[in-house]
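Participant: Structure in structure tokens, see below.
The values are calculated or read from the model by the stated rules, or taken from the named source; none is laboratory data. These numbers were taken from a predicted model, which means no experiment stands behind them. We place every Cβ from the backbone using ideal geometry, glycine too, and count neighbours over all the protein chains shown.
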Amino acid sequence: MIDLHAHTTVSDGGDSPAGLVTKAAAAGLAAIAVTDHDNDAGCAEAVAAGRQLDVEVIPGVEISCDIADIEDRGFHPSARPTMHLLGYFIPLSDNPLSAALAELQEARLWRNHVIVKRLNELGIPVTFEEVENEAGGPGAQIGRPHFAEVLVRHGAVADYQSAFDDYLAKGAKAYITRKLYRPGEATELMIEAGVVPVLAHPFTLQLGLDELGRFVDELVEAGLKGIEGYHGDLTELEQEPYRDIGKRKGLIVSGGSDYHGDMRPDRALPGGKCGVNVPQEALDELKSACAALAGAPG
């Protein structure tokens with residue numbers, strides 16, 4: 001079994017990079033990809049743990065992209081979905097993608113301070129330090145799930161979901177926009193670094209299948225190599241349309257559980273909610289695509 005979509009405490013997961021690999025080994029996984037949001041800082045730790053535990057670890061990332069530049073899809077700005085682009089086989093040495101991700105982290109840090117200020121203005125005495133501690137301590141990446149937990153602890157909301165609905169979701173009272181790459185920019189950064197770009201969970205884009213197909217065509221022109229046709233949130237029947245799109249477009253059909261540890265306990269290893277089983281051929285094809293990028297001129 002393999003899983004090509006999982007998160008750690010480097011972004012919004014509940015396990016450290018080494019802890020994720022330990023759980024992958026215990027779940028019987030032969031390979032797992034570390035795909036933290038906008039951050040590859042946990043990859044080296046995970047790869048080292050994988051060598052010790054005989055689990056193949058694929059260093060990756062999941063970049064959030066603004067789709068507004070491609071075409072107005074009729075969404076209200078506050079409701080427009082964010083596109084996520086997975087990237088596989090990030091070099092552990094210096095590379096342009098890792099440098100760009102470091103810039104995103106600086107922008108995210110600024111945003112987190114602004115969210116704290118906004119919550120204070122709304123009468124909630126949250127401090128940056130307690131949110132940072134919720135994320136794992138100084139230097140940890142803070143995400144909205146960590147704010148949500150702090151809001152619950154302060155009694156500002158009844159539960160985690162209410163924290164998002166009332167304060168943290170797009171359009172909510174304390175939501176702050178953040179720096180996002182356009183899909184073409186993110187794809188180019190990946191290609192330049194020899195990283196394989198794959199469209200994550202296409203069902204979250206809220207597009208009909210015909211429109212999704214046209215959207216994917218635009219991404220293929222930018223350099224897209226794959227699409228997630230396997231996702232732990234979907235049943236076998238629900239996954240099939242996305243696999244069909246991938247096959248028709250000549251894309252690698254990849255996927256995984258979208259594991260987040262105890263931050264999303266419904267997505268357990270292996271297989272997530274619906275027990276998705278990603279075929280080995282998906283990883284083989286990703287490796288072939290990575291080798292092709294490495295051999296491309298320029």
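Participant: Looking at Val34, Val61 in this structure, which one is free of Cβ contacts under 8 Å to residues at least 40 places away in the same chain, surrounded by 24 or more Cβ atoms within 10 Å (Cβ to Cβ) and within 22 Å of Met83 (Cβ to Cβ)?
Facilitator: Only one candidate qualifies: Val34.
Participant: Working only within the stretch 216-235, note down all residues that are in contact with a strand residue (DSSP E or B) (Cβ under 7 Å, 6 or more places away or on another chain) and part of a helix (DSSP H, G or I).
Facilitator: Across the stretch 216-235, the qualifying residues are Val216, Leu219.
Participant: Mind checking which residues of the stretch 202-216 are surrounded by 13 or more Cβ atoms within 10 Å (Cβ to Cβ) and among the acidic types (Asp, Glu)?
Facilitator: The one that is surrounded by 13 or more Cβ atoms within 10 Å (Cβ to Cβ) and among the acidic types (Asp, Glu): Glu211.
Participant: Suppose we keep only residues that are charged (D, E, K, R) and free of Cβ contacts under 8 Å to residues at least 60 places away in the same chain within the stretch 273-298. Which one would you say is surrounded by the most Cβ atoms within 10 Å (Cβ to Cβ)?
Facilitator: Here the answer is Glu285.
Participant: Could I ask something else about it? Just give me the residues in the stretch 236-259 being in a loop (DSSP other than H, G, I, E, B) and either at pLDDT below 95 or among the charged types (D, E, K, R) (or both), in sequence order.
Facilitator: Selection gives Lys249, Asp258.
Participant: Quick one: would you say Glu121 is buried (at least 16 other Cβ atoms within 10 Å of the Cβ), among the acidic types (Asp, Glu) and outside the structural domain of Ser11 (by TED's automatic domain parsing)?
Facilitator: So Glu121 fails the test.
Participant: Restricting the first residue to the stretch 71-96 and requiring it to be on the phi > 0 side of the Ramachandran plot and modelled with pLDDT of 90 or more, which pairs with a second residue that is part of a strand (DSSP E or B) and not basic (Lys, Arg) meet a Cβ separation below 7 Å and a spacing of at least six or different chains?
Facilitator: What qualifies is Phe89/Ile58; Phe89/Pro59; Phe89/Val196.
Participant: Of all residues in the stretch 14-59 being part of a helix (DSSP H, G or I) and closer than 17 Å to Ala193 by Cβ, which is nearest to the chain's Cα centre (by Cα)?
Facilitator: Cys43
Participant: Sticking with this one: Among the numbered criteria (1) under 21 Å from the mean Cα position of the chain (by Cα); (2) within 22 Å of Ala268 (Cα to Cα), which single criterion is violated by Val216?
Facilitator: (2)
Participant: Of the residues in the stretch 237-250, how many are free of Cβ contacts under 8 Å to residues at least 40 places away in the same chain and touching a Gly at 6+ places or on another chain (Cβ under 9 Å)?
Facilitator: 9
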